[in-house]
Amino acid sequence: MMIVMKTTATEGEVQSVIERVTRAGARPHLIRGEERAVIGAIGDAEHVAGLELEAVPGVEQVMPITKPYKLASSQFRHDAGPSVLEIAGRKVGGPHFAMIAGPCTVESREQVLSTAHTVAAAGATMLRGGAYKPRTSPYAFQGLGQEGLRLLAEAKAQTGLPVVTEVMDARDLDALLEVADVLQIGARNMQNYPLLAEVGRSGCPALLKRGLSSTLEEWLMAAEYILKEGNQSVMLCERGIRTFETAYRFTLDLTAIPVLKEMTHLPVIVDPSHAAGRRGLVPALSQAAAAAGADGIIVEVHPNPDEAICDAAQQLPADDFAAYMERVLMAAAVAGKTLSPVPSPAAV
Ligand code: PEP
Ligand code: MN
């Protein structure tokens with residue numbers, strides 16, 4: 001249920017509704033819009049209805065959430081609009097566009113530091129890089145693990161870029177949380193529900209990739225597992241889906257962007273690299289995604305892609321990144337979005 005407070009409701013009235021909802025055994029989620037507070041009560045709908053909250057001071061309206069994905073639904077924020085997340089001082093969502101760039105995987109100190117410096121100098125918002133890699137073959141390189149995390153920490157310390165890195169196993173969470181500003185959940189783990197719940201409980205912002213063959217509703221239900229634990233910082237990431245087409249790696253579902261904007265308040269990031277599978281397609285897909293209203297791009301960049309340990313064909317050469325990014329930002333501007341400002345050192 002959604003409890004929409006009056007614009008004149010006092011803090012005491014908001015807290016009193018939260019207490020009633022909690023006593024009824026439901027979990028309250030408070031959203032503060034510019035005009036009013038809205039409280040989502042997730043639990044037994046009949047129980048909450050029995051509270052007759054319409055009669056409680058400060059309450060304007062009580063409405064059911066009709067979608068199966070409750071906390072992720074646009075309905076949930078009522079008139080508060082899309083969510084704007086704040087990650088290490090960088091805003092993502094609404095008018096704020098994010099550019100997340102870096103190698104597929106952390107390979108060496110030199111590789112990750114040089115990429116981090118290049119993308120930071122071009123104005124990227126965050127650094128990506130996997131230390132734990134979900135590889136199709138168990139015989140392929142699986143990532144540097146803890147050593148990779150140490151290198152990401154060094155790159156963050158040198159450039160100030162927040163780090164986005166993948167969690168595959170909840171047993172690695174403590175180590176990951178020392179470094180990660182955003183935990184990436186890969187396409188193959190989108191429906192690993194215990195992992196999603198752990199990421200939710202960690203409170204760390206999450207980037208949830210779309211499963212290889214998942215519908216938008218399945219994807220939003222997966223996001224719900226994170227949100228349900230009280231973690232409101234979830235970004236969705238479209239990275240291409242399986243279709244009958246074999247001329248490229250996956251089919252980037254651009255239609256998902258405006259449709260998700262109807263369904264959910266969560267920011268939508270697009271990964272053109274894994275969708276395309278080859279770097280020549282990455283600029284066009286990135287610009288199309290940005291013009292279609294994506295809230296950001298996550299792209300693979302490598303100082304010497306042909307020598308990359310994984311995903312060599314799709315990583316952009318670091319030397320090309322600044323020009324690439326400039327063009328993507330022009331497309332984002334078409335959709336009314338600008339790069340989220342990097343906080344000044346004094347503000348961090
Ligand atoms: C990645 O981003 O490194 C990755 C493995 O992507 P996906 O889970 O989308 O395949
Ligand atoms: Mn990759």
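Observations on the model:
- Residues in segment 145-152 include none that are part of a helix (DSSP H, G or I), of a type in the set (A, V, I, L, M, F, W, C), closer than 29 Å to His96 by Cβ and open to solvent by 50 Å² or more (accessible area, probe 1.4 Å).
- Answer residue from segment 245-282, given it is among the small types (Gly, Ala, Ser) and within 15 Å of ligand 2 (Cβ to nearest atom) and is most open to solvent (accessible area, probe 1.4 Å) among those: Gly277
- Unique residue being away from ligand 2 (no atom under 16 Å from the Cβ) and touching a helix residue (DSSP H, G or I) at 6+ places or on another chain (Cβ under 9 Å) when the list is Ala187, Ala121, Ala157: Ala121
- Qualifying residue in segment 176-197 (condition: more than 13 Å from ligand 1 (Cβ to nearest atom), assigned by TED's automatic domain parsing to the domain that holds Met221, of a type in the set (Lys, Arg) and not in a strand (DSSP E or B)): no
- Options Ala88, Ala55; residue that is under 23 Å from the mean Cα position of the chain (by Cα) and more than 19 Å from Glu262 (Cβ to Cβ): Ala88
- Answer from Leu285, Leu316, Leu339 - the residue that is within 15 Å of Leu127 (Cα to Cα), open to solvent by 30 Å² or more (accessible area, probe 1.4 Å) and either within 16 Å of ligand 1 (Cβ to nearest atom) or touching a helix residue (DSSP H, G or I) at 6+ places or on another chain (Cβ under 9 Å) (or both): Leu339
- Residue among Ser83, Ser114 that is part of a loop (DSSP other than H, G, I, E, B), at pLDDT 95 or above, out of contact with any Ser or Thr (no Cβ under 8 Å at 6 or more places or on another chain) and not acidic (Asp, Glu): Ser83
- Matching option when the condition is farther than 21 Å from Leu71 by Cβ, modelled with pLDDT of 95 or more and open to solvent by 10 Å² or more (accessible area, probe 1.4 Å), among Leu176, Leu216, Leu212: Leu212
- In summary, strands (runs of 3 or more DSSP E) completely within segment 1-52 and bearing 1 or more residues that are without any contact (Cβ under 8 Å) to a residue 40 or more places away in the chain occur at 27-32, 37-42.
- Just so you know, in segment 107-136 the residues that are open to solvent by less than 10 Å² (accessible area, probe 1.4 Å) and within 13 Å of Asp311 (Cβ to Cβ) include one that is farthest from ligand 1 (Cβ to nearest atom), and it is Gly129.
- Residue match in segment 284-295 (condition: out of contact with any Asp or Glu (no Cβ under 7 Å at 6 or more places or on another chain) and on the phi > 0 side of the Ramachandran plot): yes
- Pairing residues of segment 180-204 that are charged (D, E, K, R) with residues that are away from ligand 1 (no atom under 14 Å from the Cβ) and assigned to a strand (DSSP E or B), at Cβ distances under 6 Å and at least 6 apart in sequence or on separate chains, gives Asp181/Ile87.
- Applying the condition of being open to solvent by less than 20 Å² (accessible area, probe 1.4 Å) and in a loop (DSSP other than H, G, I, E, B) to segment 57-69 and asking which residue is farthest from Met1 (Cα to Cα) yields Gly58.
Yes/no matrix, rows are residues, columns are (1) open to solvent by 30 Å² or more (accessible area, probe 1.4 Å); (2) aliphatic (A, V, I, L, M):
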position	(1), (2)
Glu34	yes, no
Gly40	no, no
Val48	no, yes
Ala55	yes, yes
Ala72	no, yes
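- Scope segment 300-315; condition within 12 Å of ligand 2 (Cβ to nearest atom) and either touching a Ser or Thr at 6+ places or on another chain (Cβ under 7 Å) or in contact (Cβ under 8 Å) with a residue 60 or more places away in the chain (or both); matching residues: Glu300, Val301, His302, Ala308, Ile309, Cys310, Asp311, Gln314, Gln315
The values are calculated or read from the model by the stated rules, or taken from the named source; none is laboratory data. Source: prediction; values computed, not measured. Methodologically, a virtual Cβ is constructed for each residue, glycine included, from the backbone with ideal geometry; neighbour enumeration extends over all protein chains shown. Side chains included, ligands, DNA and RNA excluded: accessible areas come from the protein's heavy atoms. Shrake-Rupley method; radii C 1.70, N 1.55, O 1.52, S 1.80 Å.
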